[in-house]
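Values in this text are rule-based calculations from the coordinates and carry no lab data. On a predicted model such as this, the values are computed, not experimentally measured, just so you know. Virtual Cβ from ideal backbone geometry, glycine too; neighbours counted across all protein chains shown.
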Amino acid sequence: MNENRVMSLVKYVAKVILRFDLVILAEPRHPNSMAFLTRHRLFLIALVLTLFLGGLVAALTLAPVSAASVPGSDKLHHVLGFAALSFPLPFARPKLALPIVLGVAAYGGLIELIQPYVGRQAEWGDFLADVSGAIMGASLGALCSRWLGRKMVRLGNATVRLGS
């Protein structure tokens with residue numbers, strides 16, 4: 001997949017996410033239900049972002065690319081990509097950190113199993129980098145949520161606690 005296609009896909013998904021947030025998750029008419037919907041709005045945004053990042057990680061890790069065309073270490077790319085993938089949901093719900101780590105690690109393993117069929121090479125080092133990134137991202141997401149949960153966060157017309 002070339003860079004233009006990836007960038008157009010990223011722009012399209014960003015537009016869909018913004019439209020999703022503005023239309024589906026619009027502010028409710030009943031003022032007492034704002035805190036309830038805001039909590040779920042955060043979770044839905046995290047879920048959509050995680051699904052988008054999952055697709056992007058799959059596209060980038062399964063696309064045939066030469067090592068010289070991408071600057072930086074391959075293992076660092078795996079750690080950063082899987083940390084970003086595992087960050088949003090534990091940020092929205094810290095109790096999901098362990099299931100997210102396990103799911104993202106399984107996803108990384110599945111990608112490594114598929115890679116030989118698309119002209120890439122599967123490596124144990126890549127899988128370990130994926131698991132390390134998943135652990136770091138989910139831990140950071142849960143810690144940030146708990147840290148921000150001590151503070152009140154203003155979303156829309158209601159003040160709610162994150163991660164509750």
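Just to verify a number: FRET efficiency for GLN121 and LEU47, C-beta to C-beta distance, R0 = 35 Å, to 0.05?
Result of the calculation: an efficiency of 0.65.
Pop a pseudo-label 7 angstrom from the Cα along the beta-carbon direction at both ARG146 and LYS75 and give the gap in nm to one decimal.
2.8
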